[in-house]
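Before any comments, here is the structure.
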Amino acid sequence: MIELAPWLQACHKQVQHLKQSKKLSHALLITGADGVGQEYLAKELVKDLMCEKIDQGVACGHCHSCELMAGESHPDYYFLDGEEATIKVDQVRQLINKINQKPQVGNNKVVLITHAQSMNINASNAVLKALEEPADQTYFLLTSSQSTSLMPTIRSRCLLVNVPTPSQMEVESWLQSQPDGEALSALFWLTTQPFRLLSLEKQQKTGIYTSLPEKIKELMQGTTTVESLLTGVSNSNTIDYCNGLAAILHQCLCHSAGRTIHPVLSEVYPLIMQRMGIQALMTRYQALQRLKSDLSKTNLNPVMQLTHELNQW
Ligand SMILES: [Zn+2]
């Protein structure tokens, strides 16, 4: 098992302690900035809550429930995720029908809803009703990076667990203990959000980002073309190219205002400034943000749009 990241440990212990002393609320809202790992913490807490050793805070790892959780097949654990799409009322209703029955295996049932800010209004109302009339032996765990966009009536029913944002140094030192941690630290120009970096690695997308600064350098020097820079781009990863390009421009903008630039971009910066100047840089940055938002809404041809954008660099 990967050891829990240091900045998640205090929250983990706090909840384990409440569980052990039988003072844990039946509803928890775990909040934190995007990518700090609140979803990961919540999944660890689910394991603790499902364990049949109810007198201890931490999951034993050996009981039948723990084994079922390890095999991702526990029948009393329900999970909804709003990362990719809105959580709709039918999904919540289905789940609530099930939790009104007795646990099939151990002592507790647990509902985990990650990215809970994606619940639509009807889904939120259905969750609120379940929190107001809690089913026996049932815990609700919600996670959100925008907890203020949840209904205040939901928030007020939950124990709030705030995950702190780790410093860049903490993230760097933790990444060293991960496979490919070094390569991930080299992407700090893109993000210092540790779990976003891990998720890019899991999706095998780090290569796109790692190669981008060098490709932009060559584009600015005129030794490569837009077509060749975009070799490998497809409708499914255009958004990654947009994110990477926007991050490079953002770093350049910050550097022009006096902030230190990531070493990976130190040769790219003067070339971009020479080619565009600050005004055009800002215009291109805004255009990329617009493109990102349009790609999620319309039927534009993503690759063609990105090619058109880069032709203006
Ligand atoms: Zn157990």
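The values are calculated or read from the model by the stated rules, or taken from the named source; none is laboratory data. All of these numbers come straight from a predicted model, not from anything done at the bench. Neighbour counts are summed over all protein chains in view; Cβ atoms, including those assigned to glycine, are modelled from backbone coordinates with ideal geometry.
Please specify each residue of the stretch 227-262 satisfying the condition of being over 20 Å from M282 (Cα atoms) and assigned to a helix (DSSP H, G or I). Talk me through it step by step, then tell me what you get.
Within the stretch 227-262, the subset over 20 Å from M282 (Cα atoms) is 227-238.
Selection gives E227, S228, L229, T238.
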ask   = If you check Q56 against the conditions, is it surrounded by fewer than 22 Cβ atoms within 10 Å (Cβ to Cβ) and touching a strand residue (DSSP E or B) at 6+ places or on another chain (Cβ under 9 Å)?
value = no
ask   = Which of the residues belonging to the stretch 6-51 are in a strand (DSSP E or B) and of a type outside the set (S, T, N, Q)?
value = A27, L28, L29, I30
task = Kindly indicate the residue of the stretch 198-226 that is in a helix (DSSP H, G or I) and among the charged types (D, E, K, R) and also nearest to L281 (Cα to Cα) among those meeting that condition.
result = K217
note = Inside the stretch 47-97, the number of residues satisfying the requirement of being closer than 16 Å to F140 by Cβ, of a type in the set (D, E) and either within 16 Å of the ligand (Cβ to nearest atom) or touching a helix residue (DSSP H, G or I) at 6+ places or on another chain (Cβ under 7 Å) (or both) is 2
note = Filter the stretch 31-45 for residues that are within 16 Å of the ligand (Cβ to nearest atom) and under 23 Å from S149 (Cβ atoms); the one that is surrounded by the most Cβ atoms within 10 Å (Cβ to Cβ) is L45
message = Can you pull out every residue in the stretch 132-160 that is of a type in the set (V, I, T) and either surrounded by fewer than 17 Cβ atoms within 10 Å (Cβ to Cβ) or under 17 Å from the mean Cα position of the chain (by Cα) (or both)?
response = T143, T148, T153
inquiry  = For the stretch 301-313, give me the residue count where each residue is more than 27 Å from the chain's Cα centre (by Cα) and assigned to a helix (DSSP H, G or I).
reply    = 5
query = Mind checking which residues of the stretch 287-300 are surrounded by fewer than 12 Cβ atoms within 10 Å (Cβ to Cβ) and not in a helix (DSSP H, G or I)?
reply = T298, N299
task = Name the helices (runs of 4 or more DSSP H) wholly inside the stretch 98-196 in which the number of residues that are touching a strand residue (DSSP E or B) at 6+ places or on another chain (Cβ under 6 Å) is 3 or more.
result = none
ask   = Quick one: which of G82, G61 is on the phi > 0 side of the Ramachandran plot and of a type outside the set (D, E, K, R)?
value = G61
ask   = Are any residues in the stretch 172-196 touching a residue at least 24 places away in the same chain (Cβ under 8 Å) and either within 20 Å of L265 (Cβ to Cβ) or in the same structural domain as Y40 (by TED's automatic domain parsing) (or both), and if so, which ones?
value = A183, A186, F188, W189, L190, T191, T192, Q193, R196
query = Only one of these conditions is not met by F79: (1) touching a His at 6+ places or on another chain (Cβ under 6 Å); (2) closer than 20 Å to F195 by Cβ. Which number is it?
reply = (1)
request  = For the stretch 241-257, state whether one or more residues are more than 28 Å from N299 (Cα to Cα), at pLDDT 95 or above and crowded, with 20+ Cβ neighbours inside 10 Å.
outcome  = yes
ask   = List the pairs whose first member sits in the stretch 248-267 and is within 15 Å of T191 (Cα to Cα), whose second member is hydroxyl-bearing (S, T, Y), and whose Cβ atoms are under 6 Å apart, counting only residues at least 6 apart or on separate chains?
value = L249/Y285; C252/Y269; I261/Y269
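Looking at the stretch 88-106, can you tell me whether even one residue there is hydrophobic (A, V, I, L, M, F, W, C) and in contact (Cβ under 8 Å) with a residue 40 or more places away in the chain? Spell out how you get there, then give the answer.
The initial filter retains those residues of the stretch 88-106 that are hydrophobic (A, V, I, L, M, F, W, C), namely 89, 92, 95-96, 99, 105.
Adding the requirement that they be in contact (Cβ under 8 Å) with a residue 40 or more places away in the chain leaves 105.
The answer is yes, given that some residue of the stretch 88-106 is hydrophobic (A, V, I, L, M, F, W, C) and in contact (Cβ under 8 Å) with a residue 40 or more places away in the chain.
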